[in-house]
Amino acid sequence: MFAVIKAGGKQYRVVAEDVIRIDRVAVEAGQVIEFGEVLLLGGDTPTVGIPTVAGAMVAGEVLQHTRGDKVIAFKKRRRKNSRRKRGFRHDFSMIRITEILTDGAKPQATPPARPKKEPKPKLEGEAAEAQAEKKAKKAAPKTAKPRAKADSKPAAKAKKK
């Protein structure tokens, strides 16, 4: 099931476990945020809202607040000694969509616990030795290649009359 939500004047197509980047919201990281403006619910039987789907809601967890790349606005009037340089960085929030709710259901107050990744099993025997060799080879300093002699001159320039 997917949903189309409206957040910050923009529309996003989301499914559960999606991570989206929206305009900054005034919610702390780790908290649950609700999107009440669901414009469409998709799946086996799609539901189109007029303008929104009644009783539908999308819940997400705020992961972090970030800033975008710097955008520089540079204006110059030639021959007038007039220049202006301004920089701007847009504020964003990273949201993980946790659930898509219908029929007026309420989201969980705390974000669901995500399973942690299992650590890689430690290698033993020959495999461990091969991995250690690979790391040592990667960490070893590279040797410089010999350069050509600087005083060698082309034959055409050697004779000048």
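The values are calculated or read from the model by the stated rules, or taken from the named source; none is laboratory data. The structure presented is a predicted model; accordingly, all values stated were derived computationally and were not measured. Note that each Cβ is placed from the backbone with ideal geometry, even for glycine, and that neighbours are counted across all protein chains shown.
Quick grid of which residues meet (1) hydrophobic (A, V, I, L, M, F, W, C); (2) modelled with pLDDT of 95 or more:
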position	(1), (2)
A73	yes, yes
F88	yes, yes
R96	no, yes
K106	no, no
P115	no, no
K120	no, no
E126	no, no
K142	no, no
A158	yes, no
*Counting only residues that are surrounded by 10 or more Cβ atoms within 10 Å (Cβ to Cβ) and touching a residue at least 12 places away in the same chain (Cβ under 8 Å), how many does the range 64-87 have?*
6
*Among the residues of the range 105-134, write down those that are surrounded by fewer than 11 Cβ atoms within 10 Å (Cβ to Cβ), under 30 Å from Q31 (Cβ atoms) and among the aliphatic types (A, V, I, L, M).*
A109, A113
_The one condition in (1) exposed (fewer than 10 other Cβ atoms within 10 Å of the Cβ); (2) among the acidic types (D, E); (3) touching a strand residue (DSSP E or B) at 6+ places or on another chain (Cβ under 8 Å) that E99 fails to fulfil_ = (1)
*Mind listing whichever residues of the range 43-59 are in contact (Cβ under 8 Å) with a residue 40 or more places away in the chain and either in contact with a Gly (Cβ under 7 Å, 6 or more places away or on another chain) or of a type outside the set (V, I, T) (or both)?*
G43, G55, A56, M57, A59
*Considering T102, T110, which residue is at pLDDT below 95 and under 21 Å from R13 (Cα atoms)?*
T102
*Residue among V25, V53, V14 that is closer than 21 Å to A109 by Cα and part of a loop (DSSP other than H, G, I, E, B)*: V25
